[in-house]
C-alpha cells in the first residue's frame, strides 16, 4: 500500500516533525524527548545485565556517554548563536569587566 499525494504532511503530523512555523523550540523539545527515551532504553539494558558492574558500565558506555557527546555536538550551533547575540548586545566577559582586581 503506497501513501497518497497528501501523505507527506500526514506523516509529518504523526511524527510531530518540526517545521519553520513551530520554530527552534519544537526541535529542542523533540531532541530532549529522544534523549530521555534513549536513557530509558539504556537503563533497561543495564538492568538486564548479569552483574552490577556490567550494568553500570552498560549504562555509562551505551547510554550516558554517547548521549552527552551527542547533545554537546548538536547544541554547538545554539551555543554559538547565543555567544554572538551576547557579543552583539555589548555584554562583556568577566575578563573585560571594569572592576578587575
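The values are calculated or read from the model by the stated rules, or taken from the named source; none is laboratory data. All of these numbers come straight from a predicted model, not from anything done at the bench. Positions of Cβ are backbone-derived with ideal geometry, glycine not excepted, and every protein chain shown enters the neighbour counts.
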| query | Taking helices (runs of 4 or more DSSP H) that do not extend beyond region 1-72, which have at least 1 residues that are at pLDDT below 90? | reply | 7-15, 24-47
| message | I need every pair where a residue in region 67-86 that is on the phi < 0 side of the Ramachandran plot and without any contact (Cβ under 8 Å) to a residue 60 or more places away in the chain has its Cβ under 6 Å from the Cβ of a residue that is assigned to a helix (DSSP H, G or I) and surrounded by 10 or more Cβ atoms within 10 Å (Cβ to Cβ), sequence separation at least 6 or different chains. | response | 67/35; 67/38
| Matching residues, region 45-86, being loosely packed, with under 10 Cβ neighbours inside 10 Å and more than 21 Å from residue 31 (Cβ to Cβ) | 50, 51, 52, 53
